[in-house]
1. With touching a Phe, Trp or Tyr at 6+ places or on another chain (Cβ under 7 Å) and within 25 Å of W193 (Cα to Cα) as the only criterion, which of V158, V128 stands out?
2. Of a type outside the set (S, T, N, Q) and modelled with pLDDT of 90 or more: which single residue out of I248, I186 fits that description?
3. Which residue out of A270, A257 is in contact with a Pro (Cβ under 9 Å, 6 or more places away or on another chain) and aliphatic (A, V, I, L, M)?
4. Pull up the stretch 152-168, narrow it to residues that are part of a strand (DSSP E or B) and touching a residue at least 40 places away in the same chain (Cβ under 8 Å), then point me to the one that is surrounded by the most Cβ atoms within 10 Å (Cβ to Cβ).
5. Residue pairs, Cβ under 7 Å, 6 or more apart or interchain, first in the stretch 9-22 and of a type in the set (S, T, N, Q), second surrounded by fewer than 16 Cβ atoms within 10 Å (Cβ to Cβ). List them.
6. Can you pull out the residues in the stretch 96-150 that are closer than 30 Å to T19 by Cα, over 18 Å from the mean Cα position of the chain (by Cα) and either part of a helix (DSSP H, G or I) or not hydroxyl-bearing (S, T, Y) (or both)?
7. So A39 fits all but one of (1) touching an Asp or Glu at 6+ places or on another chain (Cβ under 8 Å); (2) of a type in the set (G, A, S); (3) surrounded by fewer than 23 Cβ atoms within 10 Å (Cβ to Cβ); what number is the exception?
8. Can you tell me how many residues in the stretch 171-192 are part of a loop (DSSP other than H, G, I, E, B) and farther than 15 Å from V220 by Cα?
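The values are calculated or read from the model by the stated rules, or taken from the named source; none is laboratory data. Remember, predicted model here, so these are calculated numbers, not experimental data. Here the Cβ is made from the backbone with ideal geometry for all residues, glycine too, and neighbour counts use every protein chain on show.
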Amino acid sequence: MLVCCLGDVMLDVIVDAPTGIVADDDTTARIALAPGGQAANVAAWVAALGGESRVFGPHAESGAGRLVGDELSGAGVEMHGPTTAQPGVVMSLLTPGTRSLASDPGSLDWLTEIAPGPWLEGADWLFVSGYALLRSPQPQQIIDLAATARSAGTSVAVDLSSAAMITQYGAAAFHRLWRALRPSVIFANDDEWAATNAGDGVDTDDSAGASGVAAGGGAVLVLKHGSRGATFVIDGIADHRPPEPAQIVDVTGSGDALSAGYLVGGVELAMTAAARCASHTGAQPPRALRAGSEESE
């Protein structure tokens, strides 16, 4: 199974402060640097779950971007895309009962260079991160890419990514945009799905819209409910799955792991991957899992 992912490749700065943050003073914390970004997370989990993966996104030849690229390559992810001067960074602050994120997308000029090429050849799936759609100054390039993929027999999946960004973009405009990809699978959490179907001007009378999915349209809808599990709407039938038992350490990236699991192996593997991700700190697979060991689980 070859999954090609389009979207952000970023540096994750994970700050784990188990006793909370002390205002205006030092706080004892565990701090780690790791690859991140939705497309990179999905690609890394695909590789960890036994598939092959490529990612088209920004990368840098030095500094933090070089660290990210080396880590992803070491995890079995094939890297493609233009170089960028300023890689994106996500800071994850973990305190008791809370998870806060601060995100800097870095340079966005790479979005204008999205195009078919060898990176897409032979793919079973093209996974499109909604962040790329929402930030692209030329979204038609991504629509054309999806059309090229479909014509070669590659199925398209899209993750809607951010309710806040959808609302800022405009529900109707974004709804039309992701529909134009003609996805076979749509991934969204509850807020994202509500946001993209909100307001006037949203036409859901299509095989990949809200009514089309509910009526048994051709697209699969995967709704991610966080601590309540996930619902897979397939052929109009909703299959709700509670989360698998796990010691919850950090839920960052669990939705991306779920998406990767579904693309590689369907519903069961999706739920297993989400539980594995939540049982350790960070959005990417732990090193032992990348090597095929279950020790870290």
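1. Values: V128 fails: touching a Phe, Trp or Tyr at 6+ places or on another chain (Cβ under 7 Å).
On inspection, the qualifying residue turns out to be V158.
2. On the way: I248 fails: modelled with pLDDT of 90 or more.
On inspection, the qualifying residue turns out to be I186.
3. Details: A270 fails: in contact with a Pro (Cβ under 9 Å, 6 or more places away or on another chain).
So the residue among A270, A257 that is in contact with a Pro (Cβ under 9 Å, 6 or more places away or on another chain) and aliphatic (A, V, I, L, M) is A257.
4. The initial filter retains those residues of the stretch 152-168 that are part of a strand (DSSP E or B), namely 155-159.
Then drop every residue that is not touching a residue at least 40 places away in the same chain (Cβ under 8 Å), which leaves 157, 159.
Values: A157: 23, D159: 30.
Restricting to residues being part of a strand (DSSP E or B) and touching a residue at least 40 places away in the same chain (Cβ under 8 Å), the top hit is D159.
5. Sorted first by the residue in the stretch 9-22, then by its partner, the pairs are T19/T28.
6. First, pick out the residues of the stretch 96-150 that are closer than 30 Å to T19 by Cα: 96-105.
This time we only want the ones that are over 18 Å from the mean Cα position of the chain (by Cα), so: 96-98.
The answer is P96, G97.
7. Just one mismatch for A39, condition (3).
8. In the first step, residues of the stretch 171-192 are kept if they are part of a loop (DSSP other than H, G, I, E, B); the result is 180-184.
Remaining after also requiring farther than 15 Å from V220 by Cα: 180.
Looking only at that region, the number is 1.
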